[in-house]
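K.L.:
There's a structure below that I have some questions on.
The values are calculated or read from the model by the stated rules, or taken from the named source; none is laboratory data. Since the model is a prediction, treat every value here as computed from it, not as a measurement. Virtual Cβ from ideal backbone geometry, glycine too; neighbours counted across all protein chains shown.
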Amino acid sequence: MNADQTLDCRGLSCPMPIIKLAKAMKDLQPGQVLELIGTDPGSKADVPAWCNKTGNEFLSIEEGEGENKFYIKKK
Amino acid sequence: MFKKGGTLRELYDSLFAKSWPMWVGGVLLAVLNILLFVVKYPWGASGGYLNIGQNFLGAFGWESMSTSTPVSMHTVAILNIMVVVGSMTASLFSGEFGIKIAPKGELFKGFLGGALMAVGSMVGVGCTTGGFFSALPALSGGALFLALGFLIGTYIALKYIIWEMEVLPFMSTGKSYTFLAGNSKHGAWQKWLAWLVIIAVLYVAGNYNYEGSSGMKVLGWHIIIGLLLGLILQRSRFCIVRAFREPFMTGEATAPVAVIISILVILTGYTVLKYFGVGNAAETSVRAIEMKAVYASFWAKALIGGFIFGLGMTIAGGCAVGTLWRAGEGHVKLWLSALGFVVFAPIARNFVVPFFDSFLPEATKVFLPDYLGYTGSVILILVLLLFAYIFVKWNEKTGKFSAF
């Protein structure tokens with residue numbers, strides 16, 4: 001999937017990925033897509049929950065080996 | 001590992017393919033916590049960190065910091081170690097295990113957070129688990145002030161983290177590494193290793209139980225209960241830091257509600273046990289059973305200790321127990337948090353606690369039913385939990401107190 005911006009959250013644990021995500025989304029234009037790469041298993045639940053809460057669209061998750069990619073579209 | 005479509009595979013997937021709802025973890029932890037009350041003493045963690053730290057510093061020749069109780073004979077230290085092992089086992093089964101090394105600034109925050117938690121738990125007499133999660137349903141007055149301290153500490157530390165993200169972004173960026181990771185499809189070795197760990201744990205627990213003496217049997221059961229605690233914590237990601245932090249961060253009420261439900265279950269169990277004096281009554285008096293998990297922290301020490309602990313757990317990203325299960329999952333930041341906690345717990349007890357004792361009012365053990373009766377105490381806790389519930393749900397909708 002093509003993203004307008006990539007946010008590297010590898011190695012970070014809760015709550016840092018969500019705090020970084022919230023900050024990164026501020027700099028995006030509506031409709032743009034952010035790719036978040038992370039290694040915290042907790043993000044699999046936290047990122048969709050954050051999107052749900054904030055109204056941003058959670059597009060998909062690609063599970064890799066120890067590393068997951070999340071795609072989020074700004075509302 | 002199991003044949004696709006088979007019933008065993010179905011069971012395996014329902015346990016390890018997805019995280020469990022946090023409140024389910026909360027209920028299961030509550031049941032085990034009630035068992036711990038009966039077997040020996042309600043669940044705690046900071047006493048275990050202290051014992052491990054005393055043994056650790058003693059091994060380096062710091063005699064005045066040492067203890068005569070080895071880690072293998074200390075129930076709380078055993079629980080702590082087994083929570084790490086249990087969480088590691090669960091994350092190996094679910095393919096979530098991996099050694100994750102965070103950027104340098106994060107590692108530093110882990111260690112600092114652990115050290116602050118050590119100071120906070122020694123001053124406040126207890127951490128989020130022993131001093132709050134067990135002590136509140138045990139009707140301890142100190143738990144109320146500890147919780148207030150956590151709330152203030154968490155709020156301030158969260159403000160710091162958000163400020164740091166804007167002004168000092170280098171703290172959480174930089175080189176990171178991941179080793180030995182697998183996922184749900186690759187890394188079958190992880191699952192076999194998990195089975196090996198379980199066999200090893202059962203073997204060790206069995207050795208304790210065959211020893212014969214009742215003290216050894218109690219320790220043996222702590223090995224098994226600790227393993228289960230770790231497993232449940234990792235699968236449900238049950239987290240008390242989140243319960244205090246989330247209302248001010250994302251506003252989600254999932255974690256606080258899970259903790260409230262869990263405390264309700266423990267409250268029911270402990271109240272019955274205390275009221276009827278159930279437990280290892282052969283060894284302790286009925287009054288001693290009533291006073292289980294009532295700590296000498298009322299009120300100023302609990303408030304100050306809770307505040308320092310709240311700062312630490314928010315910076316580290318895990319309370320005493322949250323640090324343990326995340327360490328088991330492979331987060332090196334939380335390894336350093338555990339190290340900071342271990343090293344500074346004995347130091348804090350010997351040097352920092354006397355300093356606070358010199359000017360704070362003397363801390364006492366307050367068992368709420370002595371003042372309000374059992375009925376009044378339970379009603380007080382229920383009303384407070386109801387207020388907490390209404391607040392977090394209202395805040396979830398309105399976002400009045402949340403940062404984003």
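K.L.:
So, in the stretch A:1-25, of the ones that are touching a strand residue (DSSP E or B) at 6+ places or on another chain (Cβ under 8 Å), within 9 Å of chain B (Cβ to nearest Cβ) and assigned to a loop (DSSP other than H, G, I, E, B), which residue ends up surrounded by the fewest Cβ atoms within 10 Å (Cβ to Cβ)?
P.N.:
A:R10
K.L.:
May I ask you to verify whether B:G141 is within 30 Å of B:W20 (Cα to Cα), modelled with pLDDT of 95 or more and surrounded by 17 or more Cβ atoms within 10 Å (Cβ to Cβ)?
P.N.:
So B:G141 does not fit the description; no.
K.L.:
Suppose the filter is within 14 Å of another protein chain (Cβ to nearest Cβ) and either modelled with pLDDT of 95 or more or part of a strand (DSSP E or B) (or both); does B:W335 pass it?
P.N.:
yes
K.L.:
Looking at A:P48, is it more than 9 Å from chain B (Cβ to nearest Cβ), part of a helix (DSSP H, G or I) and in contact with an Asp or Glu (Cβ under 8 Å, 6 or more places away or on another chain)?
P.N.:
Here the answer is no, as A:P48 does not meet what is asked.
K.L.:
crowded, with 24+ Cβ neighbours inside 10 Å, charged (D, E, K, R) and either within 15 Å of the chain's Cα centre (by Cα) or farther than 15 Å from B:A316 by Cα (or both) - does that describe any residue in the stretch B:73-96?
P.N.:
Yes - at least one qualifying residue is present in the stretch B:73-96.
K.L.:
For B:I223, only one of the following conditions fails: (1) within 12 Å of another protein chain (Cβ to nearest Cβ); (2) assigned to a helix (DSSP H, G or I); (3) touching a Phe, Trp or Tyr at 6+ places or on another chain (Cβ under 7 Å). What is its number?
P.N.:
The single condition B:I223 does not satisfy is (1).
K.L.:
Related question: Going through the stretch A:26-42 one residue at a time, which ones are within 11 Å of chain B (Cβ to nearest Cβ) and either among the aromatic types (F, W, Y) or surrounded by 16 or more Cβ atoms within 10 Å (Cβ to Cβ) (or both)?
P.N.:
Residues satisfying the conditions are A:I37, A:G38, A:T39, A:D40, A:P41, A:G42.
K.L.:
A follow-up question, please. Can you tell me which residues in the stretch A:26-45 are in a strand (DSSP E or B), of a type in the set (A, V, I, L, M, F, W, C) and under 23 Å from B:R326 (Cα atoms)?
P.N.:
Selection gives A:L36, A:I37.
K.L.:
A further question follows. Any chance you could count how many residues in the stretch A:51-60 are away from every other protein chain (no Cβ under 12 Å) and either touching a Phe, Trp or Tyr at 6+ places or on another chain (Cβ under 6 Å) or surrounded by 15 or more Cβ atoms within 10 Å (Cβ to Cβ) (or both)?
P.N.:
Total satisfying the criteria: 3.
K.L.:
Right, something else. Scan B:G174, B:G182 and give me the residue that is on the phi > 0 side of the Ramachandran plot, of a type outside the set (D, E) and not in a helix (DSSP H, G or I).
P.N.:
So the residue among B:G174, B:G182 that is on the phi > 0 side of the Ramachandran plot, of a type outside the set (D, E) and not in a helix (DSSP H, G or I) is B:G174.
K.L.:
Can you tell me how many residues in the stretch A:1-20 are touching a residue at least 40 places away in the same chain (Cβ under 8 Å) and closer than 19 Å to B:T178 by Cβ?
P.N.:
1
K.L.:
Turning to a different aspect of this structure: Considering only the stretch B:377-404, state which residues are hydroxyl-bearing (S, T, Y), within 18 Å of B:F248 (Cα to Cα) and under 25 Å from the mean Cα position of the chain (by Cα).
P.N.:
Listed by number, the residues that qualify are B:Y389, B:S402.
K.L.:
Also: State the number of residues belonging to the stretch B:93-133 that are among the aliphatic types (A, V, I, L, M), assigned to a loop (DSSP other than H, G, I, E, B) and more than 9 Å from chain A (Cβ to nearest Cβ).
P.N.:
1
K.L.:
Something else now. Go through (1) away from every other protein chain (no Cβ under 14 Å); (2) of a type in the set (A, V, I, L, M); (3) more than 23 Å from B:Y270 (Cβ to Cβ) one by one and return the number of the condition B:A90 breaks.
P.N.:
So B:A90 meets the others, but not (1).
K.L.:
With in a loop (DSSP other than H, G, I, E, B) and either over 15 Å from B:A243 (Cβ atoms) or not hydrophobic (A, V, I, L, M, F, W, C) (or both) as the only criterion, which of B:G312, B:G328, B:G305, B:G318 stands out?
P.N.:
None of the other options fit; the residue is B:G318.
K.L.:
Taking A:N68 as the residue in question, decide whether it is within 13 Å of chain B (Cβ to nearest Cβ) and free of Cβ contacts under 8 Å to residues at least 12 places away in the same chain.
P.N.:
The answer is no for A:N68.
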